[in-house]
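So the structure is just underneath, and the comments pick up after that.
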Amino acid sequence: MNAYAFLAWNNSRPLFKSKNVRKALTMLINRDQIIHDVMHDLAKKIEGPVMPTQPNFDPTVKQPGYDPDGAKKLLAEDGWAPGPDGILQKMINGKVTPFKFMFQVNSGNEMRKQILLVVSNQLKKAGIDAGVSALEWSVFLENTKSHNYDACYSAWVGNAGVEESLHQLWHSSQIKNKGSNFYCYNNPEADKLMDAIETEPDKAKRFEMSSQLQRIMVDHQPVTFMTSPPFFIGWVDRFDNFEF
């Protein structure tokens, strides 16, 4: 099984348009604490859109690690400063805008909700006010598809051992019409690489381009890649010629 969870920042919203802001958010999140305290050490950190179980995975690609001081510096460079109430604020489109937003999560998933509450507390220490709203699954799904959200907890599932295409999940053409790119990631350089990978027959060249793509995406940090949870799978051993 090839699955990973992530925090999706709605890149079309003013709060999350800046690459520095998205990086800072990642640097404020202590994933090790979350894995230990909430997930009981039953998950592994992931660093990008390609899983270690896939042949085109580049182990040298790493997203920013936990670094609250570095995150605060990035936010200050981006123009965010503490307001009278201690919440960061910035002038956006001629209006003083506090760094306040709401995480959305599907109701009934207590693990995800607990993770977001920990994240919210971690962000609060840096002057960011992030609430958590649990919604019925159909409402949550419709909100993400229609980009009616600030940030949310989500995940993708694929197949291990397979070189899967990133085009459907990350290409800008998949933003419209309720496509899979609900985080609204739009990067011409990444699009060009995804297009080229789709039509390149040489595996070595595809893998080289995939490595470039992974680095670009992690640098732009459209989402914060979180963890890969364990999957417990059973099968009946009386069946022959079975493989995962």
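The values are calculated or read from the model by the stated rules, or taken from the named source; none is laboratory data. Keep in mind that this is a model prediction, so the values were computed, not measured. All Cβ positions, glycine included, derive from the backbone under ideal geometry; neighbour counts span all protein chains shown. Remember, those area values only see protein heavy atoms, side chains included, never the ligands or the DNA or RNA. Shrake-Rupley method; radii C 1.70, N 1.55, O 1.52, S 1.80 Å.
Could you give the length gained by full extension between Asp41 and Arg215, i.e. 0.36 nm per residue of separation minus their alpha carbon distance, to one decimal place?
Numbers: separation 174, 0.36 × 174 = 62.64 nm, distance 2.72 nm.
Taking Asp41 through Arg215 to full extension adds about 59.9 nm, to one decimal.
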Leaving ligands, DNA and RNA out of it, work out the accessible area of Ser165 with a 1.4 Å probe and give it in Å² to the nearest 10.
-> 60 Å²
On the full set of protein chains, 1.4 Å probe, figure out the accessible area of Lys100 and give it in Å² to the nearest 10.
-> 100 Å²
Calculate the length of the line joining the C-alpha centroid of the range 1-61 to that of the range 204-244, in whole Å.
-> 13 Å
With the charge dipole of the chain built from beta-carbon charges (+1 for Lys and Arg, -1 for Asp and Glu) about the Cα centre, the Cα from Tyr183, Leu74, Gly94 projecting farthest to the positive end belongs to Gly94
Cα-projected label distance for Asn148 with Thr199, points at 7 Å along beta-carbon direction, nm = 3.8 nm
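For the range 155-244, report the accessible area per residue in Å² (1.4 Å probe, heavy atoms, rounded to an integer). Walk me through the numbers on the way to the answer.
On the way: 5480 Å² over 90 residues.
Per-residue accessible area for the range 155-244 comes out at 61 Å².
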Label of the coordinate-derived value, semi-axes √(5λ) of the Cα gyration tensor in Å, listed as (i) 35, 29, 19; (ii) 35, 21, 18; (iii) 31, 22, 17 | (iii)
Can you send over the solvent-accessible area of Asp150, 1.4 Å probe, protein chains only, in Å² to the nearest 10?
-> 40 Å²
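Calculate for the chain the 222 nm mean residue ellipticity that helices alone would give, adding -39,500 (n - 2.57) per DSSP H run of length 4 or more and normalising by residue count, nearest 500 deg cm²/dmol. Write out the running numbers ahead of the final one.
Details: 8 runs with 84 residues, N = 244.
Dividing the helical sum by the residues of the chain leaves -10500 deg cm²/dmol.
Express the carbon and sulfur contribution to the solvent-accessible surface of the range 100-163 as a percent, rounded to the nearest whole number, probe 1.4 angstrom.
On the way: 1500 of 3020 Å².
Its accessible area is 50 percent carbon and sulfur atoms.
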Which shape class applies to the range 1-70: rounded if a/c is under 1.5, otherwise prolate when a/b exceeds b/c and oblate if not, where a ≥ b ≥ c are the square roots of the Cα gyration tensor eigenvalues?
-> oblate
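Relative contact order for the chain: what is it in percent, counting Cα pairs under 8 Å that are at least 6 residues apart? Write out the running numbers ahead of the final one.
Working: 392 pairs, mean separation 83.3, N = 244.
Relative contact order of the chain: 34 percent.
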Compute the longest continuous run of the chain that contains no exposed GluC sites (Glu not before Pro); treat a site as exposed when its DSSP state is not H, G, I, E or B and it has at most 12 other Cβ atoms within 10 Å.
-> 1-135
Which residues' amide hydrogens lie under 5 Å from the amide hydrogen of Thr97, considering only partners 5 or more residues apart or on another chain, with H built in the peptide plane?
-> Lys90, Met91, Ile92
By its C-alpha gyration tensor, with a ≥ b ≥ c as the square roots of the eigenvalues, how is the range 1-126 shaped: rounded for a/c under 1.5, else prolate for a/b larger than b/c, else oblate?
-> prolate
Roughly what would the spin-label model give for Glu110 and Ala76, points 7 Å off Cα along C-beta, in nm?
-> 4.2 nm
Pairwise FRET efficiency - Thr60 versus Ala155, Cβ, R0 = 30 Å, nearest 0.05 = 0.80
Modelled label reach - Trp235, point 7 Å along Cα→Cβ, the range 152-183 residues with backbone N closer than 16 Å = 159-162
